[in-house]
Each structure stands twice: as C-alpha cells, then as structure tokens.
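The values are calculated or read from the model by the stated rules, or taken from the named source; none is laboratory data. Since this is a predicted model, take the numbers as computed values, not measurements. Here the Cβ is made from the backbone with ideal geometry for all residues, glycine too, and neighbour counts use every protein chain on show. Keep in mind that these areas ignore ligands, DNA and RNA; they rest on the heavy atoms of the full protein, side chains included. Shrake-Rupley method; radii C 1.70, N 1.55, O 1.52, S 1.80 Å.
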Amino acid sequence: MLAHKPQVLNLLVKPIGSACNLNCAYCYYLEKEKLYPAKGGRVMSDALLEKYIREFFASQESSVVRFDWHGGEPTLLETDTFRKIVRWQKHYAGGRQVVNSLQTNGTLLTHEWANFFREHGFLIGISIDGPRHIHDRYRRDKAGEPTFDRVMQGIELLKQHGVEFNTLSVVNDYGAEYGVEVYQFLKSLGSRYMQFSPVVERIASEAGPGELRLVAPEVDGAMLAPWSVAAEAYGRFLCTIFDEWVQNDVGYCYVITFDAVLAKWCGVEPPNCAFADVCGGGPAMEANGDIYMCDHFVYPDHLLGNLNDASILDMLVSERQLHFGQNKQDALPKFCRRCEYVSICAGECPKHRISTTPDGESGLNYLCPGLKLFYEHAAPYMDFMKHQYDAGGAPASVMAWARRRLKPLAPNSVATIDFSAIGPYDPCPCGSGKKYKFCCLPENRHTCRTTNH
C-alpha cells in the first residue's frame, strides 16, 4: 500500500543548479552539471521562479509554507533575484505565513546579504565541518585554496546583523575522529541547531566524459569513495557528541540526529527524512524546472518531470514518487526487519543501502554497524527521556542523571539522589539498565549505589 499525500510538501530548489564557487572534494552535487551540458549558464529564469512560487503555494494545505533554497551555491545570484522572490511570495501567499531557509557555504556573504536575510527573516544554514584542520581538509575553492577563514567571516557578518543560522557539517573519514572537538567548536560559534551528515559515496568503476562518477546505490561494481566515513567511526562520532549533549545541552542545543532518534523512541514523527518510515520528503528542483525524487537521487532514472510540463502537486504525489517513498519500508532486508531498532532506524537513508546482510541479502545500510553502536549507547538515556515525555515532564531532566551516570566514580561510592521525578518503572539512576523498581528501590529508597556498570 502506498503512502498518502502529506499535508506539507517539501521541495529543495536550486535556482543556480550545481554551480558553486567551491570545489569540495566530497561534494555529491557538483558533477550534476554533466546532466545539463548546454552552454549559457544554469540560472533559473524569472518566469520559472514566479511559476514555481505560485504553484508551490497552490500545492500546500498548511497555513505555514516553507521555501528551501539550495545549490550549488545560491548566493552566486544577486540579492535582487531574492528580492523578487520575496515580492512574489507576498503576492501569492494568500495570507499564509512564509518561511525561507537558504543553505550556503558562507564564503560570499556580504553586509548586503546579511541585511537582506535579517530584513526578511531568512533562516540560514552554514556549511562548516569543524575547526580549521577539519574544515579545510576537503572544503577548498576552485584554486585548491582553503576556505575556513572566509566561512568564519561570513558567520561573523550574520552575527553582526542578528541573522539566525544553523550549521551543517559533513562527517567524513577524517573529521569522524574529532567528534567532541567539532561539537564544542560549533557551540563556540553560537550554533544551537546542528546537522551532521555522514558522507557515503561510491565511484563508478568506469565513467565516460559526460557520465556521473558518483553513482546511485543500485549500481553494481562501484568502489567506496576514499572520503566516505567508516560505519563504526560514524557511530563513535555520534556517541562522543551525544555524551556531551546529554549531560549539558538537552533543550539548549538541537542535534537533528538525536532529535530524530528521540522522536522515534517516543513514537512521534522525526524531524528529518532519514529516520522516517517512508521516504520522499526531500525532492529537488533543478534550475531548468526538472524535479527529482530526492536531493540525493538526482539521477536520470529518478526524474519525475519538469515544472514546464506538469504541476508540482501532480509530480510530488505521483504514483512514482509515492512508490519511491514507500519502497524505503518495503525493500528493507529481513535482517533489518528482525532488528530490535527497526522501529527507530527504519533502515536510515536509502542512499546508504549499499551493503549486504550476513545472510547475503542486498540492501543493508552501509552505516548499520555504527548506527547500532549509537542506538545501544544512547538507549538508557532515550528510555529516560521517553518516560519524562510520556509523563508530561521535560526530557532535559535527563542531564543531571546522565552526569551522574557518566561521571567516573570511586568503587562502592554512594551518591545521594533526589528521586522525586523518578518513577518505579523509570531507568534506575545507577545505570544498570534495569527499571528502578527492580534495581535499587528495594535496597534503599533514598540513596542509590553507583557502580561502574
């Protein structure tokens, strides 16, 4: 059975296609220019931009309509283009609230851009992988020069003008070893909304001059790209950041992976598509109006159509798109269906399903060992926060418990703990993994023996 049409439709719009002033080694989108070899540039025309805005409003049932501007690098356009966009949005909104977000590498930001973003309430996503030695490892410009200083200047401009921003950091083979350093650095920048995106790409064994080198998961005979993060390294990366977050920053810093896992733990819809039960929440539109099933599946076989020939609504709720989304669930290997974390993970992103299960079935997520490592590590804290959520309490109360659980203590030491917020079926504060009723409660109702479980 296919999924139903969602009330809120999303579309990542690339008004300048894959054009970018940088040449990041791991970028999956730069080479999409091969799909559009015609000369003359790849900038979305004013007529197409206006048509998109008009139709996108018409496709929405929500009172809040969100526009997501991506690239390539959208700030290669002039601010005048985005001023037109804002005017068209006001014209077609019909009284609905408009939210604009824009993802940028930050190197081209100016006072003019920052003023515009502030004036019109744009939410800005900054791509930054961490401190200089991590960021500059792969994020370089066309001349091979590092970009860290320019990104930092862009961030300072946003701060000066009071522009809200979040950060997107790619987790690659190098940066994965510096989880805590990356997290603390991003906090020092003032980022309170962090997305960590694992890079898993495969390079075709043979690719002609006009063919894509980075291939879809169903393509056979491709090699893992050297910058891809190892599965276990990604799991350790998440674990080390999680330990910092769960002790100090719950309710203050929002890490989208942790929020998504907690949402699934509590039985509610996650904030990102990677952990959703069905896929299809991140389709992308190229500069010429071509719409693809997903930003990570911009391949000819995943082209839905063109805005000049069909409506946004018809394409995004087409049988092909709904089948693509449902296939995330339907194509799960038996190994995944038997996993204790399947209700949390949902197989994660289909783009990463390039491995084989122990019993030889294809379609296993490459990151599976690392994801399991993280789920097992986070489980006691997720259980605690779920109990708080179910009881109408604040999940942030987990922090005091987490600090006691993670703090090294002398053997046989005793910690005095206030159990007023701990129910008999909550996880025991001693960290045993058992419910409090069946662990330390019978022994002593006011103190809990802390051991090095």
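Structure notes:
- Close amide-amide hydrogen proximity is noted between Leu12 and Ala284, Met285, each under 5 Å apart and 5 or more residues distant or on a separate chain (H modeled in the peptide plane; Pro and chain starts excluded).
- Cα-based shape type of the range 198-313, given that a ≥ b ≥ c are square roots of the gyration tensor eigenvalues and the cut on a/c is 1.5: oblate
- Expressed as a whole percent, the accessible area of the chain that falls on carbon and sulfur atoms is 51 (1.4 Å probe).
- Placing one equal scatterer on every Cα of the range 242-283 and applying the Debye formula, the log10 ratio I(q)/I(0) at q = 0.22, 0.29 Å⁻¹ is -0.72, -0.99.
- Ranked by solvent-accessible area (1.4 Å probe, protein heavy atoms only, all chains present), the residues Arg96, Arg87, Arg137 order from largest to smallest as Arg87, Arg137, Arg96.
- Nearest-10 value in Å² for the accessible area of Lys407, using the 1.4 Å probe: 130
- The amide H of Gly305, built 1.01 Å from its N in the peptide plane, has Ile291 as neighbours under 5 Å, considering only residues 5 or more places off or on other chains.
- Stokes-Einstein D for the range 12-78, Kirkwood Rh over Cα pairs, 25 °C, 0.890 mPa s (µm²/s): 183
- Translational D in µm²/s for the range 294-393 (Stokes-Einstein at 25 °C, 0.890 mPa s, Kirkwood Rh from C-alpha pairs): 152
- Globularity ratio of the range 146-237, using Cα Rg and 2.2 N^0.38 Å: 1.38
- Under 19 Å from Lys34, Cα to Cα: aspartates and glutamates that are on another chain or at least 8 residues apart: Glu73, Glu201, Glu206, Glu211, Glu286, Asp290, Asp295, Asp301
- Once Rg and the Kirkwood radius are both taken over the C-alpha atoms of the range 90-229, their ratio Rg/Rh works out to 1.05.
- Rounded to the nearest 20, the Cβ-based charge dipole of the range 95-154 about its Cα centre (Lys and Arg +1, Asp and Glu -1) stands at 160 debye.
- Once the chain from Ser362 to Arg118 is taken as fully extended at 0.36 nm per residue, the excess over their C-alpha distance is 83.1 nm.
- Residue ranking by accessible heavy-atom surface, 1.4 Å probe, largest first, among Ser188, Ser101 comes out as Ser188, Ser101.
- Per-pair calculated FRET efficiency, R0 = 35 Å: Asp301 and Glu156 via Cβ, rounded to 0.05: 0.20
- Among the listed pairs Lys264/Lys334; Lys159/Lys187; Lys14/Lys351; Lys264/Lys328; Lys142/Lys187, those with a Cα-Cα distance over 25 Å are Lys142/Lys187.
- Here, the chain is characterised by an Rg to Rh ratio of 0.98, where Rg is the alpha-carbon radius of gyration and Rh the Kirkwood radius.
- In sequence order, the range 281-287 has phi-based couplings of x, x, x, 10, 10, 7, 5 Hz under the Karplus curve 6.51 cos²θ - 1.76 cosθ + 1.60, θ = phi - 60°, and Gly or Pro positions carry x.
- Farthest toward positive dipole pole in the range 125-202 [+1 Lys/Arg, -1 Asp/Glu at C-beta], among Ser197, Val182, Leu158: Leu158
- Amide H partners (placed H, <5 Å) of Leu224, local residues excluded: Ile203
- Overall Cα dimensions of the range 31-157, principal axis frame, Å, largest first: 48, 36, 25
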